[in-house]
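The values are calculated or read from the model by the stated rules, or taken from the named source; none is laboratory data. In this text, all values refer to a predicted model and were calculated from it rather than measured experimentally. Backbone-built Cβ (ideal geometry, glycine too); neighbour counts: all protein chains shown.
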Ligand code: NAD
């Protein structure tokens with residue numbers, strides 16, 4: 001066991017199961033000595049999250065629906081009661097009505113747009129308010145984004161627009177919190193087969209396309225993202241804030257199909 005995160009405590013939001021990106025990051029941090037409090041959405045997920053938490057010796061496992069201010073307050077109040085202060089926060093939460101994660105962005109109704117923005121973008125601001133209030137010795141806030149924020153990806157639609165707003169939020173929050181030595185960054189992860197990803201149209205095709213065309217010629221794993229998350233949450237990255245760090249086997253630098261890749 002390493003000691004990079006020894007003495008650090010943090011909240012990890014967004015574990016749904018052991019394939020969740022949040023779990024990859026939590027496991028990497030726990031392996032370096034971090035103490036972690038988990039939040040989950042809804043009773044159905046509790047029975048998945050609790051055993052995972054227990055497997056790394058974590059006993060703070062709390063419900064938190066980020067669309068509900070009272071629920072966020074209750075979760076953070078409990079963490080504050082238990083720990084007083086925290087050192088890091090992972091926000092690995094996103095959601096849009098899957099009816100609009102296919103077809104044309106043009107067809108997005110107002111209600112679906114606002115809901116995607118609320119849960120996938122504003123919630124990071126909401127939880128950063130509570131987390132930053134508990135960081136009295138600097139800290140690190142981390143969220144998850146996707147290349148669909150920067151470029152048009154088929155089917156990503158309203159989620160791409162919400163992620164673009166999330167990435168802009170990272171920059172504004174970094175500026176707001178820098179004077180307290182609180183860093184704010186995002187990881188732009190390549191496609192990974194998770195629960196959230198299964199809502200995106202043609203996701204298998206997207207996975208295959210990335211595998212064939214990324215410079216590293218494979219897809220990322222939650223362990224890959226976990227390692228980069230560990231870097232951004234630990235003191236290895238004390239000079240880094242406002243950054244969107246791509247962990248996508250290099251796919252974001254590619255401008256054209258790999259001529260050697262077979263057709264799919
Ligand atoms: P996941 O399904 O394992 O995690 C998504 C989490 O969001 C779940 O735990 C879910 O409970 C939570 N969530 C949704 N609505 C919520 C709400 N109202 N309140 C509280 N929690 C809520 O999938 P994942 O792929 O690990 O997603 C984590 C993050 O990574 C998301 O922001 C996603 O957009 C982002 N991301 C995923 C990929 C990918 O290909 N899987 C790529 C880039 C970025």
Among the residues of the stretch 30-41, is there at least one that is under 27 Å from residue 148 (Cα atoms), surrounded by fewer than 23 Cβ atoms within 10 Å (Cβ to Cβ) and touching a strand residue (DSSP E or B) at 6+ places or on another chain (Cβ under 8 Å)?
yes
Can you find a residue that is under 19 Å from residue 179 (Cα atoms) and either within 16 Å of the ligand (Cβ to nearest atom) or modelled with pLDDT of 95 or more (or both) anywhere in the stretch 147-160?
no
Of all residues in the stretch 198-226, count the ones that are out of contact with any helix residue (DSSP H, G or I) (no Cβ under 8 Å at 6 or more places or on another chain), buried (at least 21 other Cβ atoms within 10 Å of the Cβ) and modelled with pLDDT under 95.
0
Go through the stretch 232-264 and report how many residues are part of a helix (DSSP H, G or I) and surrounded by fewer than 20 Cβ atoms within 10 Å (Cβ to Cβ).
5
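Residues checked against (1) surrounded by fewer than 16 Cβ atoms within 10 Å (Cβ to Cβ); (2) not in a helix (DSSP H, G or I):
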residue: 45; (1), (2): no, no
residue: 52; (1), (2): no, no
residue: 62; (1), (2): no, yes
residue: 76; (1), (2): no, no
residue: 82; (1), (2): yes, no
Consider residue 93 carefully, then state whether it is more than 8 Å from the ligand (Cβ to nearest atom), surrounded by 14 or more Cβ atoms within 10 Å (Cβ to Cβ) and either modelled with pLDDT of 95 or more or not in a loop (DSSP other than H, G, I, E, B) (or both).
no
Restrict the check to the stretch 54-73 and report whether at least one residue is away from the ligand (no atom under 16 Å from the Cβ) and at positive phi.
yes
Residues of the stretch 178-197 that turn out to be more than 15 Å from the chain's Cα centre (by Cα) and either surrounded by fewer than 21 Cβ atoms within 10 Å (Cβ to Cβ) or within 15 Å of the ligand (Cβ to nearest atom) (or both), as a count:
4
